[in-house]
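Here the structure is laid out as structure tokens; the discussion comes afterwards.
The values are calculated or read from the model by the stated rules, or taken from the named source; none is laboratory data. Because the structure is predicted, anything quoted here is derived from the model rather than measured. In this analysis, Cβ positions are derived from the backbone assuming ideal geometry, glycine residues included, and neighbour counts consider all displayed protein chains.
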Protein chains: 2
Amino acid sequence: MPSASLIKEFEQLVGKENVFSSEADRQSYAYDAAVLKPMIPSLVVRPTEVEQLGQVVKRCYEEGIPMTVRGSGTNLTGGTIPDCSDTIVILTTGLNKILEINTEDLYATVQPGVITAKFAAAVAAKGLFYPPDPGSMSVSTIGGNVAESSGGLRGLKYGTTKDYVMGMEVFANTGDLVKTGSRTVKCATGYNIAPLLVGSEGTLAVTSKVTLKLIPPPKASKAMMALFKDMDGASQAVAGIIAAHVVPCTLEFLDHASINYIEDYVKIGLPRDAGAMLLIEVDGHPAQVEDEAVIVEKVLRDNSATEIVVARDAVEKSRIWEARRVAIPALARCRPTLMLEDATVPRSKIPAMIKALDEIAARHNVTIATFGHAGDGNLHPSILCDRRDKEEFSRVERAVDDLFNAALELGGTLSGEHGIGTAKIKWLEQETSHGTIMFSRRLRKAFDPKGLFNPSKIVGFGD
Amino acid sequence: MPSASLIKEFEQLVGKENVFSSEADRQSYAYDAAVLKPMIPSLVVRPTEVEQLGQVVKRCYEEGIPMTVRGSGTNLTGGTIPDCSDTIVILTTGLNKILEINTEDLYATVQPGVITAKFAAAVAAKGLFYPPDPGSMSVSTIGGNVAESSGGLRGLKYGTTKDYVMGMEVFANTGDLVKTGSRTVKCATGYNIAPLLVGSEGTLAVTSKVTLKLIPPPKASKAMMALFKDMDGASQAVAGIIAAHVVPCTLEFLDHASINYIEDYVKIGLPRDAGAMLLIEVDGHPAQVEDEAVIVEKVLRDNSATEIVVARDAVEKSRIWEARRVAIPALARCRPTLMLEDATVPRSKIPAMIKALDEIAARHNVTIATFGHAGDGNLHPSILCDRRDKEEFSRVERAVDDLFNAALELGGTLSGEHGIGTAKIKWLEQETSHGTIMFSRRLRKAFDPKGLFNPSKIVGFGD
């Protein structure tokens, strides 16, 4: 617990109503969406002005207190779980202003605590488009999206959060304000620090402002659903779509197991014997959408789709997307614990990865349902289990080991969009190199010599 | 001069034919395309294998010798001018292999010395598209483009080099190989180091391999030219095009002075009384191109274009682009020195910036011709002068001071695409903050504790 005088200082700085010290309050900030052990922080401080944020960072640093900065805590790898019982959680939800949406120069400036979906809606109301759409966007914050380098369904065509951050303002450990990037599309001024901060999981600096790129919205879109006997056919169809130079805005798949869990949950008449389902949406100019839909339909047919449905209107489109929308709750309700992974492979390796997942499930006798972003190779193998069952969970852990090994052997990556946190640290060196870990630690030490910014995350803080 | 034994060591490592120690040879690597004082390096080493590159870096670091890594040396801010007479230039032109162009997963892997235009052509031959098109692409290298965060004409719609770097392998000061990024579209694995290295001007690590994103090429395009009485009309047209949600692939302008210098040079019948010229190209699906061309033409007419030409075929298109293509040689031939700047402002501020440039030219009695990328606010105010004339050049330097002040006052940035090098260091703190400079120096020291990687560039190496 911080000293009474420091608590008083924070109360004077941010107001008593924004300092939480009771155990019940602190308990709420002990965990995030990862399947990991919670840790109760010593205090929670919620600045409502940017200057307060800088001051809290500076004071914690001076006092040698570890900090975990947190928006809505929806991340899936433990990035917002406090490191130790001394940790102070800095809550950004009070910094929730959209400062500017500039329709002439196509950018917006926001505070870190703005909710992603609210921001996207505010942008849409001005006739523009902010494409990143992480699964948790209805509650996640922009600051959290930036810290975690969040992805989403539109990554293939539109890129992810990292492709929309034009500039940032952050507080360094010293409380100094650091500006990086610009409001202009082009910027080659000084070190390109903003994208380094994207995905740095609160380990380098504390975000106070983000400038985001906006684009004109597509004028039309069309959604399609296709069923396949097996995942191979679906994967070949995905390859065929890309080979035909169609880049859909979303290109999702559900495997046989996912289809069945979803049907159990929502009973919308999905065929239980289907081996795989693809959900495809193309967008852009109306004529392009029409042409691309025709090409996609042909590719689906040529790859032996057993059923193809093209949505004729918004209602049908919504119906098509229903299966994907409910995937996570449909899986989460089956067993006490859902381990949602995000191993990512080059898209041509999806069939090999799916095959490896089947073998892994059989080898360790665990249940894996897989869905995700077929277009960009970003799979969500989801293990349904009970964490409290030690014997089962040790099998799950071995399966996860094998799963990441398989992704790396196929030229893939540990994480497409969930980050490393503490959950994936042990595989990081295998994907990169010992040199990369050392290089990363030097980087981190430069920004945080005392090791107080979320210290155990990503590469840890050792030598 | 390095010791005879070190030179011998390098000769054994890379072959005698790839170590250049004569003064005549070294002289060739003393300058780049910036208007700055040359500096002859002590030695030039040209590795032809990646392992040799790592070994050269390691040995120079161990010996405490400053290194400047150089591709074709086309950069405009002194990034490849050696820091001192002890500097060893490491030439990447021997590492010029395109390792892979993957048409299934839409990426390519290249060595740093590959020529940009050759790479773009190799990609096109496989039916794909690498959009970044810096002005020097016929001679510049991918490694140089990455080090300088190079832009080009297609930035507005397609982004610049930084938007296409998916992953990199680099050698750290220790000679250790560092891997960052992935071959997958999505990657949230470890620190996002690759984009930090983009634009780091050889000050953090030495690039050995780059993975670049590729996209399907647009199916159609259409080019247009419009003339205006003054720059205000042209700028309003630019704003109107964006407001109509058309994002052209290129949207260039030439001011009155540029038009006249170009006409002097190529005599293609440009109207000498025109206040400004816009060159616009839209691309994408054929129907979209047709629609967008109609919208653009209407916007041009509504903003009092005095003449509009729409290219009907490839020959007419090439004729339209001729004026822009020859802009730099047309200006460069007029006076001994051409100072080509790249101040960038939010595009809505272009009229204000052009007005400021006119006032600055009058105030300091210097000749400024301005052209550039109107779509993304990236102007190229070009000062025609004679560097040897001390009195004139001191007026030029004052004009450049005022020019950057004006860009920053309008919410712009010092550099859209040329970088900082040594040429723009003195304005960097003004754009960012003292905290940013300190933060950047800490960053650099973490990667290069002895200050041997191109030490005087970007933020220098002091405390």
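Would you tally the residues in segment B:312-337 being closer than 30 Å to B:R388 by Cα, in contact (Cβ under 8 Å) with a residue 12 or more places away in the chain and among the hydrophobic types (A, V, I, L, M, F, W, C)? Break it down into steps so the answer makes sense when it comes.
Residues of segment B:312-337 that are closer than 30 Å to B:R388 by Cα, as a first pass: B:323-337.
From what's left, in contact (Cβ under 8 Å) with a residue 12 or more places away in the chain: B:323-324, B:326-331, B:333-337.
The next check asks that each one be among the hydrophobic types (A, V, I, L, M, F, W, C); those that pass are B:323, B:326-328, B:330-331, B:334.
Residues meeting the conditions: 7.
For every residue, the table says whether it meets (1) over 19 Å from B:K157 (Cα atoms); (2) buried (at least 18 other Cβ atoms within 10 Å of the Cβ).
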{"site": "B:P217", "(1), (2)": "no, no"}
{"site": "B:D230", "(1), (2)": "yes, no"}
{"site": "B:A244", "(1), (2)": "no, no"}
{"site": "B:L270", "(1), (2)": "yes, yes"}
{"site": "B:A274", "(1), (2)": "yes, yes"}
{"site": "B:R301", "(1), (2)": "yes, no"}
{"site": "B:S304", "(1), (2)": "yes, no"}
Q | segment B:35-47: number of residues that are closer than 9 Å to B:I81 by Cα and in contact (Cβ under 8 Å) with a residue 60 or more places away in the chain | A | 1
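Is there a residue being within 14 Å of chain B (Cβ to nearest Cβ), in a strand (DSSP E or B) and in contact (Cβ under 8 Å) with a residue 40 or more places away in the chain anywhere in segment A:251-270? Before you say what the answer is, go through the steps one by one.
Looking only at segment A:251-270, we keep the residues that are within 14 Å of chain B (Cβ to nearest Cβ), and these are A:251-252.
From what is left, the residues that are in a strand (DSSP E or B) are A:251-252.
With the extra rule that they be in contact (Cβ under 8 Å) with a residue 40 or more places away in the chain, the set shrinks to A:251-252.
Yes, there is a match, as at least one residue in segment A:251-270 is within 14 Å of chain B (Cβ to nearest Cβ), in a strand (DSSP E or B) and in contact (Cβ under 8 Å) with a residue 40 or more places away in the chain.
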Q) Out of all the residues in segment A:47-56, which are surrounded by 23 or more Cβ atoms within 10 Å (Cβ to Cβ) and out of contact with any Pro (no Cβ under 9 Å at 6 or more places or on another chain)? A) A:P47
**Q.** segment A:163-200: number of residues that are within 26 Å of A:G78 (Cβ to Cβ), among the hydrophobic types (A, V, I, L, M, F, W, C), touching a Lys or Arg at 6+ places or on another chain (Cβ under 8 Å) and at the interface with chain B (Cβ under 7 Å from one of its Cβ atoms)
**A.** 1
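Name the single residue that is surrounded by the fewest Cβ atoms within 10 Å (Cβ to Cβ) among those in segment B:177-197 being among the charged types (D, E, K, R) and without any contact (Cβ under 8 Å) to a residue 24 or more places away in the chain. Can you show your working first?
Taking segment B:177-197 as the starting set, the residues that turn out to be among the charged types (D, E, K, R) are B:179, B:183, B:186.
Remaining after also requiring without any contact (Cβ under 8 Å) to a residue 24 or more places away in the chain: B:179, B:186.
Numbers: B:K179: 20, B:K186: 26.
Among those residues, the one meeting the criterion is B:K179.
For the structure I just gave you, tell me whether A:F20 is of a type in the set (F, W, Y) and closer than 20 Å to A:E62 by Cβ. Working first, answer last.
Details: of a type in the set (F, W, Y): yes; closer than 20 Å to A:E62 by Cβ: no.
Considered against the rule, which asks whether it is of a type in the set (F, W, Y) and closer than 20 Å to A:E62 by Cβ, A:F20 comes out as no.
For segment B:149-162, name all the residues that are within 7 Å of chain A (Cβ to nearest Cβ) and charged (D, E, K, R). Working first, answer last.
Quick first cut of segment B:149-162, residues within 7 Å of chain A (Cβ to nearest Cβ) only: B:149, B:151, B:155-156, B:160, B:162.
Across segment B:149-162, the qualifying residue is only B:K162.
Select from segment B:368-389 the residues that are outside any helix (DSSP H, G or I) and among the acidic types (D, E) and list them in ascending order. Spell out how you get there, then give the answer.
As a first pass, look at segment B:368-389 and keep what is outside any helix (DSSP H, G or I): B:368-373, B:377-389.
B:D386, B:D389, listed by residue number.
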Q: Inspect segment B:362-381 for any residue being at negative phi, modelled with pLDDT under 95 and touching a Pro at 6+ places or on another chain (Cβ under 7 Å) and give the result as yes or no.
A: yes
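Within segment B:23-41, identify whether any single residue is more than 25 Å from B:T337 (Cα to Cα) and not charged (D, E, K, R), and answer yes or no. Step through it out loud before you land on a result.
Of segment B:23-41, the ones more than 25 Å from B:T337 (Cα to Cα) are B:23.
After this cut, where a residue has to be not charged (D, E, K, R) as well, the list is none.
No, there is no match, as no residue in segment B:23-41 is more than 25 Å from B:T337 (Cα to Cα) and not charged (D, E, K, R).
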Q: Could you list all residues from segment A:390-447 that are surrounded by 21 or more Cβ atoms within 10 Å (Cβ to Cβ), facing another protein chain (nearest Cβ under 7 Å) and not in a helix (DSSP H, G or I)?
A: A:G412, A:T413, A:L414, A:S415, A:G416, A:E417, A:H418, A:G419, A:I420, A:T432
Q. Any idea which residue in segment B:271-307 is nearest to B:S235 (Cα to Cα), counting only those that are within 14 Å of another protein chain (Cβ to nearest Cβ) and touching a Pro at 6+ places or on another chain (Cβ under 6 Å)?
A. B:V282
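Residues that are within 20 Å of A:A172 (Cα to Cα): which strands (runs of 3 or more DSSP E) entirely in segment A:62-104 hold 2 or more of them? First the steps, then the outcome.
Working: elements: A:67-70, A:88-91, A:98-102.
So the answer is A:67-70, A:88-91.
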(Q) Restricting to segment A:105-142, and then to whatever is within 10 Å of chain B (Cβ to nearest Cβ) and part of a loop (DSSP other than H, G, I, E, B), can you tell me which residue is farthest from the chain's Cα centre (by Cα)? (A) A:D105
(Q) Consider segment B:57-75. How many of its residues are touching a strand residue (DSSP E or B) at 6+ places or on another chain (Cβ under 6 Å), surrounded by fewer than 24 Cβ atoms within 10 Å (Cβ to Cβ) and farther than 18 Å from B:Q27 by Cα? (A) 1
Q) Here is a list of conditions, (1) closer than 14 Å to B:K209 by Cα; (2) part of a helix (DSSP H, G or I); (3) more than 16 Å from the chain's Cα centre (by Cα), and B:N145 meets all of them except one; can you say which number that is? A) (3)
Q. B:V89 fails exactly one of the following numbered conditions: (1) closer than 19 Å to B:M1 by Cα; (2) within 14 Å of another protein chain (Cβ to nearest Cβ); (3) not hydroxyl-bearing (S, T, Y). What is the number of that condition?
A. (2)
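State all residues of segment B:224-267 that are of a type in the set (A, V, I, L, M, F, W, C) and under 22 Å from B:L384 (Cα atoms); if no residue qualifies, say none.
Within segment B:224-267, B:M231, B:F253, B:L254, B:A257, B:I259, B:I262, B:V266 qualify.
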